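S.K.: Got a structure here, written out as structure tokens. Questions coming.
A short reminder: the numbers here are calculations on the coordinates, not readings from a lab. Nothing here was measured: the structure is a model prediction, and the numbers come from that model. Glycine gets a Cβ as well: all are built from the backbone with ideal geometry, and neighbour counts include every protein chain shown.
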Amino acid sequence: MRAYEDWVFEAETKGLKLSEVILRDQVEELEQTEQMLFQRMSTNLEVMRESVEAGLIGERRSLSGLVGGDAVKVENRRKDGASLVGDLVSGAIAKALAVAEVNACMGKIVAAPTAGSCGVLPAVLLTVEETCQVSEQDLLLALFTAAGLGMILAERASVSGAEGGCQAEIGSAAAMAAAAAVELAGGSPRQTADAAAIAMKSMLGLVCDPVGGLVEVPCVKRNATGATIALAAAEMALSGVKSMIPIDEVIDAMGLIGKQMPCTLKETAQGGLAITTTGRRIQADFL
């Protein structure tokens, strides 16, 4: 079974970025050239950009009418200079909502690692891009760091809400985004591991309780909170804050928690917010 710490050790030993180690691993495993892999990742990045842009234009509404238009509200407040949390964080919140709303409206997104958590990674990376002087190549490499961690999350635990709860979806996305953000901001391979661990620890136990069984409530807003947690974790790691529990052990803990979680709290809409009075009313009214 793969271990993220093994990649960190190799990167530090050879003086490489974490993404460069992951890229070499994938070239060998998939028997494709670096150019081919970069092209595929470039396509993913372009879809991420397009989904952010699409979600920040006009009043999108899902077929159920439960979500839509919130990304524009946050973005307008940010543009007005009224943000309580500052331009960077409010921008990330708006982007995360935008992509998640595009998904709910049947638009094109990148599952990162799932459709339900699609807003976290693009929101964080494109926000860091606006803040730091980074190249397109840097962004693509950061996506390889996120993808590598995603593979390990899927292997050691799960990225499925039906199997592991929302910790496996939004939690995994937040960890992936935190690691990628650290590399993009010039952090070390070790700091990517610390950021990922801090982000994942903050999401442990998060249940999957979609109202009406739709990936809309509370899923869309959780993308925004996941993005802010990722940014907070990245900031801590870049400042030298370490995770006392190594990332691979945190991932294993997430997997165990998912197994211990009752099925009513794993995407069945039989528990949590889905069975509140309002949740049941929404299901009866719209479905």
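S.K.: Those residues that are touching a Ser or Thr at 6+ places or on another chain (Cβ under 9 Å) and crowded, with 24+ Cβ neighbours inside 10 Å, I need them from region 192-213; list them, please.
M.R.: Result: THR192, ALA193, ASP194, ALA195, ALA196, ALA197, ILE198, MET200, MET203, CYS208, ASP209, VAL211.
S.K.: Scan region 239-250 for residues that are of a type in the set (A, V, I, L, M) and surrounded by fewer than 19 Cβ atoms within 10 Å (Cβ to Cβ) and jot them down.
M.R.: Listed by number, the residues that qualify are VAL241, MET244, ILE245.
S.K.: Identify the residue in region 131-147 that is in contact (Cβ under 8 Å) with a residue 60 or more places away in the chain and in contact with a Leu (Cβ under 7 Å, 6 or more places away or on another chain) and, among all such residues, is nearest to CYS118 (Cα to Cα).
M.R.: LEU143
S.K.: Please verify whether MET236 is among the hydrophobic types (A, V, I, L, M, F, W, C), over 26 Å from VAL110 (Cβ atoms), under 18 Å from the mean Cα position of the chain (by Cα) and in a helix (DSSP H, G or I), treating the condition exactly as stated.
M.R.: Considered against the rule, which asks whether it is among the hydrophobic types (A, V, I, L, M, F, W, C), over 26 Å from VAL110 (Cβ atoms), under 18 Å from the mean Cα position of the chain (by Cα) and in a helix (DSSP H, G or I), MET236 comes out as yes.
S.K.: Can you name the helices (runs of 4 or more DSSP H) wholly within region 1-99 that have at least 1 residues being within 21 Å of the chain's Cα centre (by Cα), at negative phi and hydroxyl-bearing (Ser, Thr, Tyr)?
M.R.: 4-14, 18-30, 34-55
S.K.: Let me confirm something: among ALA185, ALA174, ALA195, which residue is aliphatic (A, V, I, L, M), within 18 Å of VAL21 (Cβ to Cβ) and touching a residue at least 12 places away in the same chain (Cβ under 8 Å)?
M.R.: Selected residue: ALA195, the only one of ALA185, ALA174, ALA195 that is aliphatic (A, V, I, L, M), within 18 Å of VAL21 (Cβ to Cβ) and touching a residue at least 12 places away in the same chain (Cβ under 8 Å).
S.K.: Sticking with this one: For region 135-144, which residues satisfy the criterion of being more than 19 Å from ALA96 (Cβ to Cβ), in contact with a helix residue (DSSP H, G or I) (Cβ under 7 Å, 6 or more places away or on another chain) and not charged (D, E, K, R)?
M.R.: Hits for region 135-144 are LEU140, LEU141, PHE144.
S.K.: May I ask you to verify whether VAL217 is surrounded by fewer than 24 Cβ atoms within 10 Å (Cβ to Cβ) and in contact with a Lys or Arg (Cβ under 8 Å, 6 or more places away or on another chain)?
M.R.: no
Residues checked against (1) out of contact with any Gly (no Cβ under 8 Å at 6 or more places or on another chain); (2) part of a loop (DSSP other than H, G, I, E, B):
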residue: LEU204; (1), (2): no, yes
residue: ASN223; (1), (2): no, no
residue: ALA232; (1), (2): yes, no
residue: ALA269; (1), (2): no, yes
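S.K.: In this structure, does ALA233 turn out to be crowded, with 17+ Cβ neighbours inside 10 Å, under 24 Å from ALA115 (Cβ atoms) and free of Cβ contacts under 8 Å to residues at least 60 places away in the same chain?
M.R.: Taking the combined requirement at face value, the residue satisfies it.
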